[in-house]
Amino acid sequence: MTDTTNRPSGIKDSDEEPQTIHAESEEESVTRATRLSARLIYEVIRRDGDEELSRPAMSLVWSGLAAGIFISLSVIARAALHSGLPEADWAILVESFGYSVGFLIVILGRMQLFTENTITTVLPVISRRSMWCMNRTARLWAIVLSANVVGAAIASGVLSVEGVVTQSLHESLLAISRHGVGEDALTNFLRSMPAGMLVAAIVWIMPSAGGNSFFVILTVTWMMAVCGFAHIVAGSVELGLLMWHGEMQLGSAITMFFLPVLAGNITGGTFIFALLSWGQVRREVKQGDDL
């Protein structure tokens, strides 16, 4: 028999199991504090992608159109900061925060943005490898991209109407657009790949971000602007501004900017980030998709 008469209070025998959780409320706290595993993040995005693939076409059209219009706020806010800041090396660090405005509204508002779908709807295709998934993904991409571009064209057209914005802001919009669009096709392709990866990274981080989603989107999109990475939808607003102003023709706009940036965003978001993300969980998911 173990003598416990002289044992200090709170000291347990060596063969007793330590009690680290004392109540159900503490167990719940531990569960909430545990980070989501890569497999759980994958499952959240896969189910989200399944839902998007099943949405009616008209829902996708209106959501994509809204995203194309509201993403113009990224260009407007950045131009507003650009016009109000002095000519200094540090100015771009501040003005780039404006680029996050449209992305915050579109992503937190759950609008259809094409570059998000380069990972969200691709993970179901990679895991299932069915013709149904591939056809539905192609359908969704075509609808959302078209709606985004039409929305961007509408927004840039409205901004080009005299009197909608001040003259100084209009000049700043054009200056921002020239900087964002005015590169050769190869350069535009190369600088659009990181943008595709970063937007896909936002999608991957969001399930575990919780209440920090705002700061995730703010930080990542700010980085896109500071580094000069090209985004197909926001870039379409800038492209539209230059076209409405007569500084760029349709043919050169498509071949020099639109197609290279589209290819770069898809390459970065799908062929690089989505495949790397799938590689993290492939062997685990093969045991069964149902968690």
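Scanning the range 260-279 for residues that are in contact with a helix residue (DSSP H, G or I) (Cβ under 8 Å, 6 or more places away or on another chain) and aliphatic (A, V, I, L, M), which turns out farthest from residue 192 (Cα to Cα)? Please lay out each step first, then the result.
Just the residues of the range 260-279 that are in contact with a helix residue (DSSP H, G or I) (Cβ under 8 Å, 6 or more places away or on another chain), to begin with: 260-270, 272-275, 277-278.
Then drop every residue that is not aliphatic (A, V, I, L, M), which leaves 261-263, 266, 272, 274-275.
Details: 261: 5, 262: 8, 263: 8, 266: 9, 272: 13, 274: 16, 275: 18 Å.
Step by step, filter the range 260-279, then rank; the result is 275.
Criterion first (within 20 Å of the chain's Cα centre (by Cα) and surrounded by fewer than 17 Cβ atoms within 10 Å (Cβ to Cβ)) does residue 271 satisfy it?
Working: within 20 Å of the chain's Cα centre (by Cα): yes; surrounded by fewer than 17 Cβ atoms within 10 Å (Cβ to Cβ): yes.
Yes; evaluated as a whole, the condition is true for this residue.
Is there any pair with a first residue in the range 150-161 that is over 15 Å from residue 242 (Cβ atoms) and a second that is among the hydroxyl-bearing types (Ser, Thr, Tyr) and in a helix (DSSP H, G or I) whose Cβ atoms are under 6 Å apart and which are 6 or more apart or on different chains, and what are they?
Here the result reads none, with nothing in the range 150-161 linked to a residue that is among the hydroxyl-bearing types (Ser, Thr, Tyr) and in a helix (DSSP H, G or I).
Please find, within the range 112-121, the residue that is nearest to residue 63 (Cα to Cα) out of those that are assigned to a helix (DSSP H, G or I) and among the hydroxyl-bearing types (Ser, Thr, Tyr).
Checking each candidate, the answer is 115.
Results for (1) of a type in the set (Gly, Ala, Ser); (2) under 28 Å from residue 47 (Cβ atoms); (3) touching a Leu at 6+ places or on another chain (Cβ under 8 Å), shown as yes or no for each residue.
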{"position": "178", "(1), (2), (3)": "no, no, yes"}
{"position": "199", "(1), (2), (3)": "no, yes, yes"}
{"position": "213", "(1), (2), (3)": "yes, yes, yes"}
{"position": "218", "(1), (2), (3)": "no, yes, yes"}
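Which of the residues spanning the range 71-85 are of a type outside the set (Val, Ile, Thr) and either at pLDDT 95 or above or in a helix (DSSP H, G or I) (or both)? Step through it out loud before you land on a result.
Of all residues in the range 71-85, those of a type outside the set (Val, Ile, Thr) come to 72-74, 77-85.
Within the range 71-85, 72, 73, 74, 77, 78, 79, 80, 81, 82, 83, 84 qualify.
Looking only at the range 86-111, which residues are surrounded by fewer than 16 Cβ atoms within 10 Å (Cβ to Cβ) and either touching a residue at least 60 places away in the same chain (Cβ under 8 Å) or outside any helix (DSSP H, G or I) (or both)?
86, 87, 88, 89, 90, 93, 108, 109, 110
Listed residues 58, 131; which is aliphatic (A, V, I, L, M), free of Cβ contacts under 8 Å to residues at least 24 places away in the same chain and farther than 27 Å from residue 272 by Cα?
Values: 131 fails: farther than 27 Å from residue 272 by Cα.
So the residue among 58, 131 that is aliphatic (A, V, I, L, M), free of Cβ contacts under 8 Å to residues at least 24 places away in the same chain and farther than 27 Å from residue 272 by Cα is 58.
Being more than 24 Å from the chain's Cα centre (by Cα) and crowded, with 17+ Cβ neighbours inside 10 Å is the requirement here; does residue 248 meet it?
So residue 248 fits the description; yes.
State all residues of the range 170-192 that are within 26 Å of residue 81 (Cα to Cα) and among the aliphatic types (A, V, I, L, M); if no residue qualifies, say none.
173, 174, 175, 176, 181
Would you check which residues across the range 248-282 are touching a residue at least 40 places away in the same chain (Cβ under 8 Å), of a type outside the set (Phe, Trp, Tyr) and within 18 Å of residue 124 (Cβ to Cβ) and list them?
Within the range 248-282, 266, 269, 270, 274, 275, 277, 280, 281 meet the criteria.
Just for the range 22-70: of the residues that are among the polar types (S, T, N, Q) and farther than 12 Å from residue 112 by Cβ, which one is modelled with the highest pLDDT? Give the derivation first.
Pass one, the range 22-70, residues among the polar types (S, T, N, Q): 25, 29, 31, 34, 37, 54, 59, 63.
Then keep just the ones that are farther than 12 Å from residue 112 by Cβ; that gives 25, 29, 31, 34, 37, 54.
Values: 25: 55, 29: 52, 31: 50, 34: 55, 37: 76, 54: 84.
Ranking the qualifying residues of the range 22-70, first place goes to 54.
Mind telling me which of the residues 237, 216, 261, 203 ends up being β-branched (Val, Ile, Thr), assigned to a helix (DSSP H, G or I), at pLDDT 90 or above and more than 20 Å from residue 180 (Cα to Cα)?
Numbers: 237 fails: more than 20 Å from residue 180 (Cα to Cα); 261 fails: more than 20 Å from residue 180 (Cα to Cα); 203 fails: at pLDDT 90 or above.
On inspection, the qualifying residue turns out to be 216.
Is it the case that the range 170-180 has a residue that's modelled with pLDDT under 90, closer than 27 Å to residue 273 by Cα and crowded, with 19+ Cβ neighbours inside 10 Å?
Within the range 170-180, one or more residues are modelled with pLDDT under 90, closer than 27 Å to residue 273 by Cα and crowded, with 19+ Cβ neighbours inside 10 Å.
The values are calculated or read from the model by the stated rules, or taken from the named source; none is laboratory data. From a predicted model like this one, the values you see are computed outputs, not experimental measurements. No Cβ is skipped: glycine too gets one built from the backbone with ideal geometry, and neighbour counts run over all protein chains shown.
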